[in-house]
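Below is one structure, written out as structure tokens; the observations come after it.
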Amino acid sequence: MSDSTSAYPLSLSTHPEVHGFFDPATNTISYVVRDPASDACAVIDSVMDIDYAAGRITYEHADEIVAFITARGWRLEWLIETHVHADHLSAAPYIQGKLGGKIGIGERITLVQETFGKIFNEGTEFQRDGSQFDALFKDGDTYSIGSMQAVAMHTPGHTPACMTHVIGDAAFVGDTLFMPDGGSARADFPGGDAGELYDSIQKVLALPDTMRLFMCHDYGPNGRDIRWETTVADEKAHNIHVGQGKTREDFIRFRTERDATLAMPKLIIPSLQVNMRAGEIPTDTSGRPMLKVPVNGL
Ligand SMILES: [Fe+2]
């Protein structure tokens, strides 16, 4: 069944199996999304573990996902990044090395690479054309996971490259929205824009009411248990930042004031250097893995 009220090709009769993997160190939820008709699957927003104080990288969270897929004999076709994350490092190349699949992100990654290429004073060997990724999606692009058709919706605002991926009756919103009692993500990173974020949230809320929505983060506001799944109808009725008739102007004012009070994410410096390279760790001139800290650069 396609939904003629949406500008995007939707298929609400497709019900992918969705498994969330919560990472308590960064409050990130990674997903395995499986086509019940073919055993093909995708991984969305994987996490590589880092002990930043020690400069140590490990793969417990990614290994859990690899073991989960391997045990079921599923075939990994895609590793999707909803955006360049600033609070955790992607494990996409690590998982790709174990299970295959293509790494995809929004085509505006090039803007993020331009911006942060300057901030980290990257040399000319750092390509700003998105070529580190296997696929760059633009608004409305479709791709398949087994027999399922997925569609990428450009939902900028939190970052310029943010995409929401709609797979059957499930939408993976990245940091465009949080659970209704969490509201929305910040829009003050370089290239972020509160007005654009409001418009992108409206795009998500224009999806069918029954669409399942899956968050990239949850912080358990007011002491509740961690949750990551809701629906368009629930967000429309209860989101504390954009529901209940709040206007675009209200949202921009609120978001701008709130963002001014927020500290930088603890892992923003390593995250951006790795994630703008599709999850590869940069190397120094001798080829050793090495991260930089730009002093007063952010
Ligand atoms: Fe984010």
For the range 1-54 the number of residues that are over 19 Å from Y94 (Cβ atoms), free of Cβ contacts under 8 Å to residues at least 12 places away in the same chain and not in a loop (DSSP other than H, G, I, E, B) is 0
Those residues of the range 214-229 which are more than 20 Å from V47 (Cβ to Cβ) and in contact (Cβ under 8 Å) with a residue 40 or more places away in the chain, in sequence order
P221, N222, R224
Among the residues of the range 230-260, write down those that are of a type in the set (V, I, T) and either part of a helix (DSSP H, G or I) or without any contact (Cβ under 8 Å) to a residue 24 or more places away in the chain (or both).
T231, V232, T247, I252, T256
When you go through A91, A135, A86 one by one, which is the residue that is touching a residue at least 12 places away in the same chain (Cβ under 8 Å), within 14 Å of the ligand (Cβ to nearest atom), farther than 23 Å from T230 by Cα and of a type in the set (G, A, S)?
A86
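Of all residues in the range 248-298, which are among the charged types (D, E, K, R) and farther than 21 Å from A53 by Cβ? Steps first, please.
Taking the range 248-298 first, the residues among the charged types (D, E, K, R) are 248-250, 253, 255, 257-259, 266, 277, 280, 284, 288, 292.
Answer for the range 248-298, where residues must be among the charged types (D, E, K, R) and farther than 21 Å from A53 by Cβ: R248, E249, D250, R253, R255, E257, R258, D259, R277, E280.
Among the residues of the range 173-188, write down those that are buried (at least 24 other Cβ atoms within 10 Å of the Cβ) and more than 13 Å from the ligand (Cβ to nearest atom). Can you show your working first?
Quick first cut of the range 173-188, residues buried (at least 24 other Cβ atoms within 10 Å of the Cβ) only: 173-177, 179, 184-185, 187.
Passing the criteria: only M179.
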Does G97 satisfy being assigned to a helix (DSSP H, G or I), under 25 Å from M264 (Cα atoms) and of a type in the set (G, A, S)?
no
The range 199-223, subset more than 16 Å from the ligand (Cβ to nearest atom) and part of a loop (DSSP other than H, G, I, E, B), residue nearest to N27 (Cα to Cα)
G220
Take G117 and tell me if it is at pLDDT below 95, more than 16 Å from the ligand (Cβ to nearest atom) and at negative phi.
no
What number of residues within the range 70-94 are in a helix (DSSP H, G or I) and touching a strand residue (DSSP E or B) at 6+ places or on another chain (Cβ under 6 Å)?
1
Taking the stated definitions as given, is T142 buried (at least 18 other Cβ atoms within 10 Å of the Cβ) and either charged (D, E, K, R) or in contact (Cβ under 8 Å) with a residue 12 or more places away in the chain (or both)?
no
Expected output for the range 115-127 (first residue over 13 Å from D284 (Cβ atoms), partner surrounded by 13 or more Cβ atoms within 10 Å (Cβ to Cβ) and among the hydrophobic types (A, V, I, L, M, F, W, C), Cβ below 6 Å, 6+ apart or cross-chain) is F116/L272; F116/M276; G117/F126
Scanning the range 163-176 for residues that are under 20 Å from G243 (Cβ atoms) and in contact with a Ser or Thr (Cβ under 6 Å, 6 or more places away or on another chain) gives T164, A171, V173, G174, T176
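Look at A263 and say whether it is within 16 Å of the ligand (Cβ to nearest atom), free of Cβ contacts under 8 Å to residues at least 60 places away in the same chain, part of a loop (DSSP other than H, G, I, E, B) and in contact with a Leu (Cβ under 9 Å, 6 or more places away or on another chain). Give the steps one after another, and end with the answer.
Details: within 16 Å of the ligand (Cβ to nearest atom): yes; free of Cβ contacts under 8 Å to residues at least 60 places away in the same chain: yes; part of a loop (DSSP other than H, G, I, E, B): yes; in contact with a Leu (Cβ under 9 Å, 6 or more places away or on another chain): no.
Here the answer is no, as A263 does not meet what is asked.
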Within the range 242-282, track down each residue that is at pLDDT 95 or above, surrounded by fewer than 17 Cβ atoms within 10 Å (Cβ to Cβ) and of a type in the set (S, T, Y).
T256, T261
Scanning for something within 16 Å of the ligand (Cβ to nearest atom), surrounded by 15 or more Cβ atoms within 10 Å (Cβ to Cβ), on the phi > 0 side of the Ramachandran plot and not aliphatic (A, V, I, L, M), does the range 21-29 turn up at least one residue?
yes
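The values are calculated or read from the model by the stated rules, or taken from the named source; none is laboratory data. In this text, all values refer to a predicted model and were calculated from it rather than measured experimentally. Glycine gets a Cβ as well: all are built from the backbone with ideal geometry, and neighbour counts include every protein chain shown.
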